[in-house]
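A short worksheet on the structure shown next.
The values are calculated or read from the model by the stated rules, or taken from the named source; none is laboratory data. Model, not experiment: these values are computed from the prediction. Cβ: placed from backbone, ideal geometry, glycine included. Neighbour counts: every protein chain shown. SASA here: full protein model, heavy atoms, side chains in, ligands and nucleic acids out. Shrake-Rupley method; radii C 1.70, N 1.55, O 1.52, S 1.80 Å.
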Amino acid sequence: MFLLIVLPFFALSVNFTRLGDDLHTLSLATSKVQIGNDSLPLLEEAPKKYSFDFQVSVDHDDEEGLYNLFFHNCYGYESVSAFNLTVHIEEKNGENYLSAGEMPLPYLYGTFSALSFCLAMVWIVVLRRHRESVFKIHYLMLGLLFAKTLSMMFHAVNYHFIALEGKHEAAWAILYYITHLLRGILLFIAIVLIGAGWNFIKHVLSTRDKKIFAIILPLQVLANVASIIFEESEESDPRYTTWKEIFVLVDLICYGVILFPVVWSIRHLQQASKVDGKAATNLEKLRLFRLFYVVIVCFIYFTRIIVYLLKVCDFSLVLMCS
């Protein structure tokens, strides 16, 4: 097994039980465990049950990187006994359980939550001042802002408890996952409705627009479930890789599907712009929808593809430096 450590301190304790009936088992109590250039005594906690623990302080940048822990069961070579092995790792930055890169996250999410709330208040003022031109989609956008505010606020609180206690509080984590799911669903509903031109170029959704909703909503729920599962799993857990791949695939499918209503609206406006008497109005709407299409593509590119590439490059650099 291997450990990826980028923290200034971590403590590790190992407990293992020998399952065989070897007569030489007790001699293990006087043996040593080799940790780098140092030897640690192997303590006998109970018959055939042994443990040892050690601490490592990573004080310099050149000490950060990939740390490996090897357990060799090679006694006698010809009659190797089975073992049960339990490893407990505690990683800390001083009194903070978050890694160096995660330590600013509680404050960062809290700040963006406050900014999102301020934007929601500004949006309420705008809606009140322009009541004659307000559509239902604008109230949906307001709901999206409040869902985003709550999601980031609960995320900040969740990280705060992780920093203090080394684990999240179940209540705050559940609230975060609920609001995160709600925010994701509202975001896709708003994008699809705007892309379909609802209340802008038409007041009734077409059959194919409804089919888009029938595809998007279940996929978005699946994507959020996959996100929750791999966030709650350790990287060594086989479920982590599986559900992470499911999340990336489903998320990209969702963002690909929402482009269809925008493309259909652009085609509709291109055809309608040829009609006499409505050319100027339809051309203006066509310009807006083309701009909306570009914004969505840029959003997908920067929040999905670029972020994924940066994570891959960052992990590759860590391995190279190690």
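Of the residues that make up segment 261-280, is at least one in contact (Cβ under 8 Å) with a residue 12 or more places away in the chain, under 21 Å from His180 (Cα atoms) and not acidic (Asp, Glu)? No: zero hits. In the set Glu45, Glu63, only one residue is among the acidic types (Asp, Glu) and modelled with pLDDT under 70; that residue is Glu45. Scanning segment 255-269 finds one or more residues that are farther than 19 Å from Tyr301 by Cα, open to solvent by 70 Å² or more (accessible area, probe 1.4 Å) and not charged (D, E, K, R).
Within this structure, Ala163 passes the test of being surrounded by 13 or more Cβ atoms within 10 Å (Cβ to Cβ), in contact (Cβ under 8 Å) with a residue 60 or more places away in the chain and either β-branched (Val, Ile, Thr) or touching a Pro at 6+ places or on another chain (Cβ under 7 Å) (or both).
Restricting segment 184-211 to residues that are under 15 Å from Leu286 (Cα atoms) and at pLDDT 80 or above leaves a set whose member that is surrounded by the most Cβ atoms within 10 Å (Cβ to Cβ) is Ala196.
Among residues of segment 59-73 that are more than 16 Å from Asn84 (Cβ to Cβ), those with a beta-carbon under 8 Å from a residue that is surrounded by 10 or more Cβ atoms within 10 Å (Cβ to Cβ) and at pLDDT 70 or above at least six positions away or on a different chain give the pairs Glu64/Val58; Tyr67/Val56; Leu69/Val87. Scanning segment 109-155 for residues that are free of Cβ contacts under 8 Å to residues at least 24 places away in the same chain and either open to solvent by 80 Å² or more (accessible area, probe 1.4 Å) or among the acidic types (Asp, Glu) (or both) turns up Leu115, Val122, Arg128, Arg129, His130, Arg131, Glu132, Tyr139.
Determine which single condition Tyr177 fails, assuming it passes every other condition in (1) among the aromatic types (Phe, Trp, Tyr); (2) in contact (Cβ under 8 Å) with a residue 60 or more places away in the chain; (3) surrounded by 15 or more Cβ atoms within 10 Å (Cβ to Cβ). Here Tyr177 clears every test but (2). Against the conditions (1) without any contact (Cβ under 8 Å) to a residue 40 or more places away in the chain; (2) more than 30 Å from Lys285 (Cα to Cα); (3) open to solvent by 40 Å² or more (accessible area, probe 1.4 Å); (4) not polar (S, T, N, Q), Val248 satisfies every one except (1).
Do we have Leu127 as at pLDDT 85 or above and under 20 Å from Gly184 (Cβ atoms) here? So Leu127 does not fit the description; no.
Residue by residue, here is whether (1) without any contact (Cβ under 8 Å) to a residue 40 or more places away in the chain; (2) of a type in the set (Phe, Trp, Tyr); (3) within 22 Å of Tyr240 (Cβ to Cβ) holds:
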| site | (1), (2), (3) |
| --- | --- |
| Ala171 | yes, no, no |
| Leu187 | no, no, no |
| Ile191 | no, no, no |
| Ile194 | no, no, no |
| Lys202 | yes, no, no |
| Ser206 | yes, no, no |
| Ile212 | no, no, no |
| Gln220 | yes, no, yes |
| Ala223 | yes, no, yes |
